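Student: Quick one: this structure, given as structure tokens, is what I'll be asking you about.
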Amino acid sequence: MALKTTPFDAAEYFDDAESQAELLADAFETGDATYIAHALGVIARARGMTAVAKNAGVTREALYKALSDKGDPRLSTLLGVTKALGLQLDVKPIGPGSLGA
């Protein structure tokens, strides 16, 4: 008997703003650009990729490409997507002396 699997989409489980913000904060804490793009993609799919793309000022196809595993979104795309998602990026020092002071 063959094993039957079903596709997993994390977007189905990040269905509220709080969990989405936690996912994105975790991604930014790692500093891993691939993880950040993936987290943004999960959130965008959870909210509706077409609407997010429209509000971010990019095409749906461009948004999928930018947030794919091989994507590397431009800063303008990143800022547009976070704004479209109703999220604000916050910057803080990593630790004492981390800014070269």
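Student: Go through the range 10-50 and count every residue that is assigned to a loop (DSSP other than H, G, I, E, B), surrounded by fewer than 17 Cβ atoms within 10 Å (Cβ to Cβ) and in contact with a helix residue (DSSP H, G or I) (Cβ under 7 Å, 6 or more places away or on another chain). Explain how you work it out, then say what you get.
Tutor: To start, the set of residues in the range 10-50 that are assigned to a loop (DSSP other than H, G, I, E, B) comprises 13-16, 31-32, 48.
Then drop every residue that is not surrounded by fewer than 17 Cβ atoms within 10 Å (Cβ to Cβ), which leaves 13, 15-16, 31-32, 48.
Filter once more, keeping what is in contact with a helix residue (DSSP H, G or I) (Cβ under 7 Å, 6 or more places away or on another chain): 15.
Qualifying residue count for the region: 1.
Each row is one residue, and each column tells you yes or no for (1) of a type in the set (Gly, Ala, Ser); (2) more than 15 Å from ALA17 (Cβ to Cβ); (3) outside any loop (DSSP other than H, G, I, E, B).
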{"site": "VAL52", "(1), (2), (3)": "no, no, yes"}
{"site": "GLU61", "(1), (2), (3)": "no, yes, yes"}
{"site": "GLY71", "(1), (2), (3)": "yes, yes, no"}
{"site": "THR77", "(1), (2), (3)": "no, yes, yes"}
{"site": "LEU87", "(1), (2), (3)": "no, no, no"}
{"site": "GLY95", "(1), (2), (3)": "yes, yes, no"}
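Student: For the range 34-65, enumerate the residues that are of a type outside the set (Val, Ile, Thr) and within 10 Å of the chain's Cα centre (by Cα). Explain how you work it out, then say what you get.
Tutor: So the first thing to find is which residues in the range 34-65 are of a type outside the set (Val, Ile, Thr), and the list is 35, 37-41, 44-49, 51, 53-57, 60-65.
Residues satisfying the conditions are TYR35, ALA37, HIS38, ALA39, LEU40, GLY41, ALA44, ARG45.
Student: Oh, and also: Given the criteria surrounded by fewer than 18 Cβ atoms within 10 Å (Cβ to Cβ), in contact with a Phe, Trp or Tyr (Cβ under 9 Å, 6 or more places away or on another chain) and among the hydrophobic types (A, V, I, L, M, F, W, C), does MET1 qualify?
Tutor: Numbers: surrounded by fewer than 18 Cβ atoms within 10 Å (Cβ to Cβ): yes; in contact with a Phe, Trp or Tyr (Cβ under 9 Å, 6 or more places away or on another chain): no; among the hydrophobic types (A, V, I, L, M, F, W, C): yes.
Answer is no for this residue.
A short reminder: the numbers here are calculations on the coordinates, not readings from a lab. Keep in mind the model is a prediction, meaning the values are calculated, not measured. Counting neighbours? That spans all protein chains shown, and the Cβs are built from the backbone with ideal geometry, glycine included.
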